[in-house]
Amino acid sequence: MIEFQNVEIKYNDFVAVESMNFSVNEGEFFTLLGPSGCGKTTTLRSLVGFITPSKGNIIVNGKDVTHLPVEKRNIGIVFQSYALFPTMNVYENIAFGLRVQKLKKEEIDAIVIETASKVDLNEQQLSKNVSELSGGQQQRVAIARALVLKPHILVLDEPLSNLDAKLRGQMRIELKRLQSQFGITAIYVTHDQEEALTLSDRIAVFSKGKIEQIGTPHEIYNKSASRFVCEFIGDINRIDGEIVKQVNSQAIKKLDVSRSGYVRLEQISTTSMPKVQNPVYLDGKVIEVEFNGMYNKYTYRVGDATIRNIEKNDGTNAYTKGQEVQLFLNADDIMQY
Ligand SMILES: Nc1ncnc2c1ncn2[C@@H]1O[C@H](COP(=O)(O)OP(=O)(O)O)[C@@H](O)[C@H]1O
Ligand SMILES: [Mg+2]
């Protein structure tokens, strides 16, 4: 229902976004993920109508909205910087857009109370000043303020980045619940790959104004389409030279020795040969142990290279520094770019 067709966006001579192509389905939770400065906000601003592309078209529900003014697009916005009005109470903040539309007082009342209760804000909280609310509650006010206008698209630009880690985790679950409860199409911007992986139906990974890969979290993580995606998403081992040759001497599948290979930490095991087509083992020596609570992260020296893996922390299998350990992997799990 949302389609970006060859969209280019410039700030004067600087091309911030180039030939952007993607489409978002009705009701989908779609995330633009990438490091700071890669063009996520710029892309979002063009969808909302704050900025006009220098090339290409933006289509929403079959209609070309590329040049449509903001107020005609019916898109709800929750921006990190889109702070609440500090002098208004919660009710007035949520009612703001409805008052602009000059709805009757009773109508506004009904919509505000209904929307507030959907985001778990009670009537008592409505009369509070926004500064009396916690960060998480303020975020709910911002979401309610966007939702009262019954937008068919909700855009959220790094909405959780001002919250502490624990609250961010809770709000993540809540956001997802709200999005599916309202059945709304959400375009979500974040630089946090973990957030993107947990929330999204699909993710577009951005780098330097371009999309590197579009896919489900599973695809992005397990079938990373480029060197950039391999390195930006999750934690990964990069293998070159000697190790690639060792893999080739054992596995049926042969790697390209001229390219790097990438293999995720959890694909390396120390307990048994993988029951697969392309098993490989490597001799490693533990050089670093990092306790992470749920799991331990180990770094091994393998020849001149290092390999890392994680092992579930069951309290028994902890290796110690200097210990010699056999590492097993499946050549099919190695991605090459
Ligand atoms: N108003 C602006 N004028 C000039 N350059 C801008 C402006 N806004 C953003 N940029 C530049 O465009 C690029 C993309 O920015 P932005 O879309 O904000 O990235 P992100 O949201 O991914 O961090 C950056 O290089 C940034 O410096
Ligand atoms: Mg941004």
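All of the numbers you see were taken from the coordinates with simple rules; none came from a lab. Keep in mind that what you see is a predicted model, and the values were worked out from it rather than measured. Note that we place each Cβ from the backbone using ideal geometry, even for glycine, and neighbour counts take in every protein chain shown.
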Compute a Gaussian network model of the chain, connecting alpha carbons closer than 10 Å, and tell me which residue from D192, D314, D109 fluctuates the most. D314
So which aspartates and glutamates can K253 reach, going by Cα to Cα under 18 Å and dropping same-chain residues fewer than 8 places off? D240, E242, D332, D333
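If I take R0 = 51 Å and measure r between the Cβ atoms of Q250 and M294 in this structure, what FRET efficiency does the formula 1/(1 + (r/R0)^6) give, to the nearest 0.05?
On the way: r = 31 Å, r/R0 = 0.61.
Result of the calculation: an efficiency of 0.95.
Looking at region 196-317 from every direction and averaging, what is the projected area of its Cα convex hull in nm²?
On the way: hull surface 36.9 nm².
Averaged projected hull area, Cα only: 9.2 nm².
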Can you tell me how much longer the chain between Q277 and E114 gets when fully stretched, taken as 0.36 nm per residue apart minus their C-alpha distance, in nm with one decimal? 53.0 nm
Beta bridges per DSSP with both ends in the chain, % antiparallel, nearest 5: 70
Given just the C-alpha atoms of the chain, how large is their convex hull per residue in cubic angstrom? 170
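Would you mind ranking R301, R140 so that the residue whose beta carbon has the fewest other beta carbons within 10 Å leads the list? Mind dumping the intermediate values first?
Values: R301 14, R140 23.
With the fewest neighbours first, R301, R140 line up as R301, R140.
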If amide hydrogens are placed 1.01 Å from N in the peptide plane, which non-local residues have theirs closer than 5 Å to the one on Y295? N313
Which far-off residues, 5 or more places away or on another chain, put their amide H under 5 Å from the one on I239, with H placed in the peptide plane? G261, Y262, V263
Could you compute the net charge surrounding I2? Neighbours are other residues with a C-beta less than 10 Å from the C-beta of I2; K and R count +1, D and E count -1. -3
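Quick one: if the Förster radius is 30 Å, what FRET efficiency do S161 and V15 give, using the C-beta to C-beta distance and rounding to 0.05?
0.70
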Return, for the Cα atoms of region 1-107, the radius of gyration and Dmax in Å, separated by a comma. 16.2, 50
Treat the count of other C-beta atoms within 10 Å as a stand-in for reagent exposure and order F29, F206 from fewest to most. F29, F206
First select every other residue whose beta carbon is under 14 angstrom from the beta carbon of N222; then total the charges, Lys and Arg +1, Asp and Glu -1. -3
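Given C-alpha coordinates of region 266-318, what is the ratio Rg to Rh with the Kirkwood estimate of Rh? List each step's numbers first, then the result.
On the way: Rg = 11.6 Å, Rh = 11.9 Å.
We get a ratio of 0.97 for region 266-318.
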Counting other Cβ atoms within 10 Å of each Cβ, which trypsin sites (Lys or Arg not before Pro) in region 191-256 have at most 16 and sit in a DSSP loop? K208, K223, K253, K254
Using the number of other C-beta atoms within 10 angstrom as an exposure proxy, rank F4, F30 with the fewest first. F30, F4
Note, ³J(HN,Hα) from phi for region 294-302, Karplus 6.51, -1.76, 1.60, rounded to Hz, x at Gly and Pro: 5, 8, 10, 10, 10, 10, 10, 8, 10
With a point put 7 Å past each Cα toward its Cβ, work out how far E242 is from S36 in nm, to one decimal. 3.7
Mind checking which lysines have their C-alpha under 21 Å from K150, skipping anything on the same chain fewer than 8 residues away? K63, K72, K102, K104, K105, K118, K176
In nanometres, the difference between 0.36 nm per residue of separation and the alpha-carbon distance of S127 and R177 is 15.5 nm
Just tell me which lysines come within less than 25 Å, Cα to Cα, of K208; anything on the same chain fewer than 8 places away is out. K10, K40, K55, K223
5 Å is the cut-off here: which amide hydrogens, built 1.01 Å from N in the peptide plane, fall below it relative to L32, excluding neighbours closer than 5 in sequence? Y188, V189, T190, A204
Determine, from the Cβ-Cβ distance of V325 and E231 and an R0 of 22 Å, the FRET efficiency 1/(1 + (r/R0)^6), rounded to the nearest 0.05. 0.30
